[in-house]
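Since the structure comes first, as structure tokens, the remarks are kept for the end.
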Amino acid sequence: MIVYNVTINLDPSIHDQWMDWMQTKHIAEVLETNLFLGARLFKVRVEDPDGAITYAIQYFADSDEKLQQYYDHFAEKLRAEGKEKFGEKMLGFRTELELVNDFFIKK
């Protein structure tokens with residue numbers, strides 16, 4: 001499993017608008033590419049001295065090839081919409097992770 005992790009740092013002035021856009025539009029559009037198995041949205045629990053709010057969105061792909069297809073055919077267009085909408089008030093960086101093993105306690 002490959003995890004495409006997008007970490008976004010937000011100016012508080014756009015927080016509500018960004019959350020609505022992410023949860024009703026953007027994540028759905030990424031998943032509509034049919035290259036990911038699903039996604040998770042996390043709030044990063046750290047207090048930024050400037051008041052910024054940070055989120056991590058993880059998209060799950062079952063192969064490097066599917067992630068590469070996303071980069072080749074969809075990433076630029078989908079990223080551009082966020083840049084156009086939120087400009088410099090939204091800063092992001094991306095990380096690729098490879099699942100090595102799961103360790104869950106079953107109850």
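The values are calculated or read from the model by the stated rules, or taken from the named source; none is laboratory data. On a predicted model such as this, the values are computed, not experimentally measured, just so you know. Here the Cβ is made from the backbone with ideal geometry for all residues, glycine too, and neighbour counts use every protein chain on show. The area values use the complete protein model at the heavy-atom level, side chains included, leaving out ligands, DNA and RNA. Shrake-Rupley method; radii C 1.70, N 1.55, O 1.52, S 1.80 Å.
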TODO: Heavy atoms only, probe 1.4 Å: what % of the accessible area of the chain goes to carbon and sulfur, would you let me know?
DONE: 50 percent
Task: Loop sites in the stretch 26-107: GluC sites (Glu not before Pro), DSSP, at most 16 other Cβ within 10 Å - done: 32, 47
Open item on the list: Please list 3J(HN,Hα) in residue order for the stretch 33-44, calculated via the Karplus relation 6.51 cos²θ - 1.76 cosθ + 1.60 where θ = phi - 60°; whole Hz, with x for glycine and proline.
Closed with: 5, 6, 9, 10, 7, x, 8, 9, 10, 10, 8, 7
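Given a cut-off of 22 Å, name the pairs among 43/77; 25/89; 66/106; 43/106 whose C-alpha atoms lie farther apart than that in the structure shown.
On the way: 43/77 25 Å; 25/89 19 Å; 66/106 31 Å; 43/106 25 Å.
Check vs 22 Å cut-off fails for 43/77; 66/106; 43/106.
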Task: Listed values (i) 129; (ii) 82; (iii) 107, entry calculated as volume of the Cα convex hull per residue in Å³ - done: (i)
Open item on the list: Taking the solvent-accessible surface of protein heavy atoms with a 1.4 Å probe, what is the per residue accessible area of the stretch 14-107 in Å²?
Closed with: 75 Å²
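So between residue 20 and residue 88, what do we pick up on full extension, going 0.36 nm a residue minus the alpha carbon distance?
On the way: separation 68, 0.36 × 68 = 24.48 nm, distance 1.82 nm.
Length gained, residue 20 through residue 88: 22.7 nm.
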Task: 15 Å beta-carbon shell around residue 52, net charge (K/R +1, D/E -1) - done: -3
TODO: Be a star and scan the stretch 71-107 for residues whose amide nitrogen sits under 16 Å from the point 7 Å along the Cα-to-Cβ vector of residue 63.
DONE: 71-73
